[in-house]
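Readers should treat all values here as calculations from the given coordinates under stated rules, not as data from a laboratory. Worth saying up front: this structure is predicted, and the values here are computed from it rather than measured. All Cβ positions, glycine included, derive from the backbone under ideal geometry; neighbour counts span all protein chains shown.
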Amino acid sequence: MKKPTVWPEIYVSLKFLQRKDIVQKVIRTTEDTCHVTYDHPVFGTVTEIFQMLFKENLICLKCCFPHEMQDQLEMETVKDYYNNFVLEGNETYLEYNNKDLGWYIQSRNIEDHDKVAMKEV
């Protein structure tokens, strides 16, 4: 049986959560998941959902909700930024639209059972 594809993701130091100059709010939603709202230099206010990897002192981006960029064309820009600028051409993050949440991008590596923790943005 073929193993599922594991897409490259964005990893950031846990120290990012202490950046008082840009981080507005950090909410821990599960044992290893947190929602971080901050001022992104390109997209304005965003809420990103990270998986916390304590042993490696890293957080891994799983999902991003840009507050001010909420149409399909703007989401193409957001998706391109993460996939092409940050990940150098990997198509890890795909855009979605939910009538209750709005537009967001989400990692292809997220499995259905992980999506429950993300609904409470």
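Here are the numbers for the structure shown:
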quantity	calculated
Residues satisfying the stated conditions in region 1-34, i.e. farther than 20 Å from residue 108 by Cβ and under 13 Å from the mean Cα position of the chain (by Cα)	34
Evaluation of residue 54 against (1) more than 18 Å from residue 7 (Cβ to Cβ); (2) out of contact with any Phe, Trp or Tyr (no Cβ under 8 Å at 6 or more places or on another chain); (3) in contact (Cβ under 8 Å) with a residue 60 or more places away in the chain (one fails), failing number	(3)
Elements of type strands (runs of 3 or more DSSP E) in region 4-91, at least 3 residues being surrounded by 15 or more Cβ atoms within 10 Å (Cβ to Cβ) and either touching a Lys or Arg at 6+ places or on another chain (Cβ under 8 Å) or of a type outside the set (A, V, I, L, M, F, W, C) (or both)	33-40, 44-53
